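Each remark here refers to the structure printed beneath this line.
The values are calculated or read from the model by the stated rules, or taken from the named source; none is laboratory data. Not measured: the values here are computed from a predicted model. Neighbour counts are summed over all protein chains in view; Cβ atoms, including those assigned to glycine, are modelled from backbone coordinates with ideal geometry. Accessible surface is based on the protein model in full, side chains and every heavy atom, while ligands, DNA and RNA are left aside. Shrake-Rupley method; radii C 1.70, N 1.55, O 1.52, S 1.80 Å.
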Amino acid sequence: MPPIACVSRTEHFSAAHRLNNSLLSAEENQQIFGKCNHAHGHGHNYILETIVRGPVDARTGMVANISDLKHWIQAAVLDVVDHRNLDADIEYFREHPSTTENLAVFIWIRLARVMPPGILYQVIISETAKNKVIYSGEGLTDSDYDESIHASQKNISVML
């Protein structure tokens, strides 16, 4: 059996959002989200760490080619979220509050659709130097992958 290793790629992106849930009253949103519920939103310089895991290929010595990993992240995530207003520009966030947790789920879904099956291990998003979310794909169903693809999102070509 070949050794199993993890490979990590870190990228940065900037995006604006407003923490708000349309199912809650204005008072409830203010109570739950505080200053992050400001009517005009706010922005973050996010740090995204994508970790893949798998057997080290005997021929290449790699779990995944870093060039492929960089392309997958760029096409599936950065081209979609960088310098965007998550709530206004990405349909997924019209139905899901744009918390960092939901952003991690959204990114996981996008990446899982373009990567070889089973290779995506973790998505880590730092919203600030003190706050980060780690997500590993738990709790998703096949319909979550289907529902996340809308007209506002680009076609992605997979490099293998």
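If the condition is being within 17 Å of residue 146 (Cβ to Cβ) and free of Cβ contacts under 8 Å to residues at least 40 places away in the same chain, then region 103-119 contributes 105, 108, 109, 112, 117.
Taking every residue in region 56-69 that is farther than 21 Å from residue 112 by Cβ and free of Cβ contacts under 8 Å to residues at least 40 places away in the same chain and pairing it with any residue that is surrounded by fewer than 13 Cβ atoms within 10 Å (Cβ to Cβ) and not aliphatic (A, V, I, L, M), at least 6 positions away or on another chain, yields no pair with a Cβ-Cβ distance below 7 Å.
Taking region 117-126 as the search range and keeping residues that are open to solvent by 40 Å² or more (accessible area, probe 1.4 Å) and either among the acidic types (Asp, Glu) or in contact with a strand residue (DSSP E or B) (Cβ under 8 Å, 6 or more places away or on another chain) (or both), which one is farthest from residue 8 (Cα to Cα)? Applying the filter and picking the extreme gives 118. Those helices (runs of 4 or more DSSP H) of region 73-123 in which 2 or more residues are acidic (Asp, Glu) occupy 86-89.
The residues of region 5-50 that are open to solvent by 80 Å² or more (accessible area, probe 1.4 Å), modelled with pLDDT of 95 or more and either farther than 22 Å from residue 96 by Cβ or assigned to a loop (DSSP other than H, G, I, E, B) (or both) amount to a single one, 12. Looking at this structure, is residue 65 at pLDDT 95 or above, open to solvent by 50 Å² or more (accessible area, probe 1.4 Å) and over 18 Å from the mean Cα position of the chain (by Cα)? Criteria met by residue 65. All of (1) among the hydrophobic types (A, V, I, L, M, F, W, C); (2) in contact with a helix residue (DSSP H, G or I) (Cβ under 7 Å, 6 or more places away or on another chain); (3) open to solvent by 60 Å² or more (accessible area, probe 1.4 Å) hold for residue 109 with one exception: (3). If you go through region 28-35 one residue at a time, do you hit one that is on the phi > 0 side of the Ramachandran plot and free of Cβ contacts under 8 Å to residues at least 40 places away in the same chain? Scanning region 28-35, I find at least one residue that is on the phi > 0 side of the Ramachandran plot and free of Cβ contacts under 8 Å to residues at least 40 places away in the same chain, so the answer is yes. Within region 119-160, if we keep just the residues that are among the basic types (Lys, Arg) and modelled with pLDDT of 50 or more, the residue that is farthest from residue 53 (Cα to Cα) turns out to be 130.
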